[in-house]
Amino acid sequence: MDVILKIKDVDDVCGSVWLATAILTYNKYLQIQGQGSSFSETAFAFKQTDIQQLASQICSKEVQNARISQWCNADHPNHTFNYLREVYKLRRLTVPGEYNGRYEMPENLIADNSIICEILPTGSILSYLELVDWVKKQYSKIVNIDIPREIKVITGISHKKKNFDIPPAEDLLKQYSIDFSKLIVQTSFWVSKEIFDFITKNNKLNAPGVFYPYAIRKLGAEIQNETPHWKETDTGRSFIDLNFKPQNALAYSLVGKSFQAAFSGYTCCHIYGGTRYTHDWKAFTCVANLVLIPKPLQSLTDHDKNVVDCLKQISFHRYNWKPDNYDIRLDDRVKDLLPLVKEIRLTTEQFSNIWHREIIKYRESYKNTFHSDPDF
């Protein structure tokens, strides 16, 4: 792709899918224009893996394939947004007007003046406002499709578009005055500050709260059906994991048992997720980046911006921790929620035995792979 990304901290997962597809579309437009070729619907259709890969670079959270194949796909019966359309097995950006403007693109995703990318080889800069303006005014003119289209419904019968009286989800939930941030705080569990400090003092790497040094997440396809393992990577020696190490880091720090043995109906959530942070070993198993949440509430940590911001602030208040170069924004309202935070006070004496047992096994796995001693 002939662009250099300038934005990498978007919290909205589905919004990141739309933005990634819009960037791919604009870049393809420039390529076709330069070649003097004609435009068509198929010319602007992309592989789902290409959209997912770019969206993962943009988003601060993990971008799963289902966001592209289902959630954002207007042709899927269980879709949430009308951001994308099917073109055989590919996906293209929805043309403004195909769904009467309803959920065709995210609202207030980022600031209008935010720089999205640098266009190569010209070196020109593209802002978010310029990209949105191009999609609204130019994209619909160059794609060879008929507008309006008919909307597919679950029965498979096509109906002409109507103005359905269904309010935006956020507006609907506000009617019931549910404070999701408070709900999450009241039902979640956090590692104590004493355990965080113990790990920081003993991991030898100046890496606050990191339980398993050099562990990072990779997708299942990248592990190639192997069990988690050490590997020589471009950035050094890394332990390639799915999500087992963070789960156990949290469980051992809370109750001194493995996650599978200790918890039922709960999930381990990353406060700072997405590719950027789960591929950063200083954040992946840092206990200040992990919180135990009931499974039914898990999606709130992906979709509710207030919940995400609340968790980040609580982590900062409790541990004085945030990822490197992350600009935390503090909200006085969160201070009222801090007294509601539940922590499990495993004593440092109890935890010390557990941690040393686990780190010895972890070191042995390093030695068996690289035939040398680790620095942790």
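Structural remarks
- Formal net charge of residues neighbouring VAL291 (Cβ-Cβ distance under 15 Å; K, R +1; D, E -1): +4
- For the stretch 189-300, a/c is not less than 1.5, where a ≥ b ≥ c are the root eigenvalues of the C-alpha gyration tensor, and a/b does not top b/c. That puts it in the oblate class.
- Each Cα pair under 8 Å and six or more residues apart adds its separation to the average, and for the chain the resulting relative contact order is 16 percent.
- Volume per residue that the Cα convex hull of the stretch 27-151 spans, once the total is divided by residue count, Å³: 122 Å³
- Shape call, the chain: gyration tensor on alpha carbons, a/c limit 1.5: prolate
- Segments 335-343, 11-19, 104-112 sorted - mean Cβ within 10 Å per residue, highest first: 11-19, 104-112, 335-343
- Radius 11 Å from Cβ of PRO208, net charge of other residues (Lys, Arg +1; Asp, Glu -1): +1
- Charge-dipole axis of the chain as Lys and Arg at +1 and Asp and Glu at -1 on Cβ define it, positive-most pick from TYR103, VAL87, GLN33: VAL87
- Using a cut-off of 30 Å between Cα atoms, the listed pairs LYS204/LYS312; LYS136/LYS218; LYS182/LYS218 include LYS136/LYS218; LYS182/LYS218 as exceeding that distance.
- Its DSSP H runs of at least 4 residues, each contributing -39,500 (n - 2.57), put the calculated 222 nm mean residue ellipticity of the chain at -11000 deg cm²/dmol, to the nearest 500.
- At q = 0.19 Å⁻¹, base-10 log of I(q)/I(0) for the stretch 180-370 (Debye sum, equal scatterers on each alpha carbon): -1.43
- Counted as membrane-span-like here are DSSP H helices of the chain whose alpha-carbon atoms extend 24 Å or more along the helix's own axis and whose Kyte-Doolittle mean is -1.0 or above; these are 13-35.
No lab work stands behind these numbers, since they all come straight from the coordinates. This is a predicted model, so every value here is computed, not measured. Glycine also receives a Cβ, built like all others from the backbone with ideal geometry; neighbour counts cover every protein chain displayed.
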